[in-house]
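We did not get these values from a lab; they are worked out from the coordinates using the rules stated. All of these numbers come straight from a predicted model, not from anything done at the bench. So basically every Cβ, Gly included, is an ideal-geometry build from the backbone, and we count neighbours across all protein chains shown.
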Amino acid sequence: MERSDSSIPPTTIPYNSSSLIASLLAPLFALLTAGTASAALNQFARDPNFYPGYARNFIGKSVKSNAEDDPRVGKIRLASTTLVSIKDILDKGTGSKIEVEDAVARCKKAQNLIGDFLAESGVNDDRVVAFAKAHHT
C-alpha cells in the first residue's frame, strides 16, 4: 500500500484494522453472537494505542513536525476509543436491541473515521481506496 506522494518511501498500513471492523459488524447485528464480537474486541483492546501510534508514525513521514496533533491521527485515536467502548456495551449490557443498535452505530462511526483517515492520507492501494470510498464522510 503506497502513498501517492512519490517523495515518501512506500509503506504499509494495517489493512487488517478495517477488516477487523468489517468483521465486527455482522456479529453485532445478531444478539446471539455478541460474544463473538466481544472476543474480537478483546483482541483489539489489548493495545488500544497500537493503531493511533501506527497512524502517528505513518503521518510523521509526511509532516515536518507534530504528527501527534495531526487531525488525521486524531481520527484514528477516536476510532480506536469508539471501538473499545463497544466492548463495554457488549460485556456490561443486557443485550437489548437498543444496546446492539448503539454498538452497531459506534462501529459504523469508527469505520467512517478510518475511511476519512485513509482518504485524507493519500494511501494508494485498491483495497484501501475502495474501503475509504465506502466509508469516507
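Taking a straight Cα-Cα cut-off under 18 Å and skipping sequence neighbours fewer than 8 places away in the same chain, the lysines within cross-link reach of Lys75 are Lys61, Lys108, Lys109, Lys133. Under a 5 Å amide H cut-off, with hydrogens placed 1.01 Å from N, Ser62 pairs with nothing among residues at least 5 apart or on other chains.
Which of the trypsin sites (Lys or Arg not before Pro) across the stretch 49-105 are loop residues per DSSP, with 13 or fewer other Cβ within 10 Å? Intermediate results must be reported in sequence, preceding the final value.
Numbers: sites: Arg56, Lys61, Lys64, Arg72, Lys75, Arg77, Lys87, Lys92, Lys97; in loops: Lys61, Lys64.
For trypsin sites (Lys or Arg not before Pro) across the stretch 49-105 that sit outside H, G, I, E and B with at most 13 neighbouring Cβ atoms in 10 Å, the list reads Lys61, Lys64.
Can you give the FRET efficiency to the nearest 0.05 for Lys97 and Lys133, using r as the Cβ-Cβ distance and R₀ = 35 Å? That pair, Lys97 with Lys133, gives E of 0.70. For the stretch 58-137, the normalised intensity computed at q = 0.12, 0.14 Å⁻¹ comes to -0.42, -0.54 (log10 of I(q)/I(0), Debye sum over alpha carbons, equal scatterers, no solvent). What's the local net charge at Arg106, with K and R +1, D and E -1, over the other residues with C-beta under 11 Å away? The answer is -1.
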